[in-house]
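Please treat every number below as a calculation from the coordinates, not as lab data. Keep in mind that this is a model prediction, so the values were computed, not measured. Virtual Cβ from ideal backbone geometry, glycine too; neighbours counted across all protein chains shown.
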Amino acid sequence: MKARIRKAFALLTFAALLLTGCGGAESAGYDLPAQETVQSIESIAQSGRRAEQSTENAVQSAENTAQSSQRTEQSIESIAQSGQGTEDTVQSVENAEQGAESIAQSGQNRDTGEEAYLVSEHETIRAAAKGASGGDGIQSGAETEAELHFIDVGQGDATLVKCGGHAMLIDCGENDKGTLVQRYLQKQGVTKLDYLVLTHPDSDHIGGADVVVTKFEIGQVFMADYTKENKTYRDLIGALSDKRLGWQTPKPGSVFSLGGAEFTVLGPVGRYEDPNNSSLVLRLDVGDVSFLFTGDAQEPAETDMLRAGADVAADVYQVGHHGSDTSSSEAFLKAVAPDYAVISCAEGNSYGHPHAAVLNTLRAMGVSVFRTDEQGSIVARTDGKSVKWNSAPSESWQAGERTGSAAAQTVTGIKQSGTQAQAAGDTGTAQAGSYIGNKNNGKLHRATCKHLPKEENRAVFASREEAVEAGYDDPCKLCKP
Ligand SMILES: [Zn+2]
Ligand SMILES: [Zn+2]
């Protein structure tokens, strides 16, 4: 449903991109049309509810936006003249599959005078609208099927997106998780990453990136505009330069395609001293289904995005900063309004992630929560209409405990495994001693585990040794086989 409105918004995003003189969404240029756009979005949202004519309305609104943008003509021109970010925009335009040719042409026409520029832009919008209205548009075919793997990397993030033979990795986990991520990707048949997105240079996000860069063919590397003076960062830059790979910081408003899906950069919209707030923020749209990734962005960055009119609404929200209460402010969560949330953090982590405040808000909003600390790697599959998960949502609603000591962590661990053992004993339906591997992620479960993979993805073993020998060496944290 959100995506219906989004279709129209996507067109406006294109419009805004082009209208900013292909200024690569320089912040001044981004703000102006964004405000106009917000109004248009609201009117679209209303008309969208009334009738199926939303596409036509979108074109109309887009035209209105185009017209109103003439008022900002001067700033547009100055941005166009400065020529900054032109490359970014041309690149993202080339990546866009919908109406790619006509968009590219409008880009080329940019210098031939404003009239031609505006005309070709309208054509572009109509071409894109036609695609969005169905038929052979991006909603049909296997190209809109996507798989998202929230890889269990302990305390950190690493999310693989696969769509129509294309792949993107968002973050790579800690320094000691590079090989785990590499093996996970290889098991998934990934040899090439169209995009490697490193949200920000904290080690729990870029630590494993040097391995990933070294081992995989990579299309484009996107990184936050934030430098760190430490070994982790130097290792990454070294690996990139060994592979002769450059990197860019995409501007808010930039759109990139991944197979039949596309992702839009929403942040950061400001500059921050804190690396977390400098996190790149992306919304991935697969057909009608949207996923939001905010890295470790915290409340100031969230608030600034909302003020800038960024469309953060999503069906699936990867909870910012591992479920920390420094992020996922109530206002932001209301704007995202997710049906599902995924929290990537380590069992018994010393930060106490996820924090109770965030869990409580998600629970009050009726959001289904998945957690890598309890359930291991989380896999979401979408056909562009709905989302299916590799396990049932977590029902624990258990917040982490802020600890500094290993002793306290051990106590938590014992308490939990005691509960598991009891639960396993109570169930008693499966044969004692049988183990089930998940063919998708190499995870090993007891047959009594609550979070078994779907029937067709199960590999059954009589003993643990047999399972490990077959490569199922990643034990589920819930049933601890
Ligand atoms: Zn982090
Ligand atoms: Zn961080």
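DSSP loop trypsin sites (Lys or Arg not before Pro) in the range 145-188 with at most 10 other Cβ atoms within 10 Å of their Cβ, which ones? Here no trypsin sites (Lys or Arg not before Pro) fit, given the DSSP loop and packing criteria. Ordering Tyr272, Tyr435 from the fewest to the most neighbouring beta carbons within 10 Å gives Tyr272, Tyr435. For the range 142-389, dividing the convex hull volume of the Cα atoms by the residue count gives 107 Å³ per residue.
Taking 8 Å as the Cα distance limit and 6 or more residues as the minimum spacing, I'd like the relative contact order of the range 142-389 as a percentage. Worked out over the range 142-389, it gives 19 percent. Quick check on the range 159-199: take the gyration tensor over C-alpha atoms, sort the square-rooted eigenvalues as a ≥ b ≥ c, and tell me if it's rounded (a/c under 1.5), prolate or oblate. Because a/c hits 1.5 or more and a/b fails to exceed b/c, the range 159-199 counts as oblate.
Extension gain, Glu466-Thr249: 0.36 nm per intervening residue step, less the Cα-Cα distance, totals 73.5 nm.
If you take every DSSP beta bridge fully contained in the range 142-389, what fraction is antiparallel? Give it as a percent rounded to 5. Given both bridge residues lie in the range 142-389, the antiparallel proportion sits at roughly 60 percent. Let me make sure I get this right: for the range 228-288, a, b and c are the square roots of the gyration tensor eigenvalues over alpha carbons, sorted descending. Under 1.5 in a/c it's rounded, otherwise prolate if a/b > b/c, else oblate. Which is it? Oblate is the answer for the range 228-288, as a/c is 1.5 or above yet b/c matches or exceeds a/b. Computed from backbone phi, the HN-Hα couplings of the range 342-355 come to 10, 10, 9, 7, 8, 4, x, 5, 6, 7, x, 6, x, 7 Hz, rounded to whole numbers (Karplus: 6.51 cos²θ - 1.76 cosθ + 1.60, θ = phi - 60°; Gly and Pro given as x).
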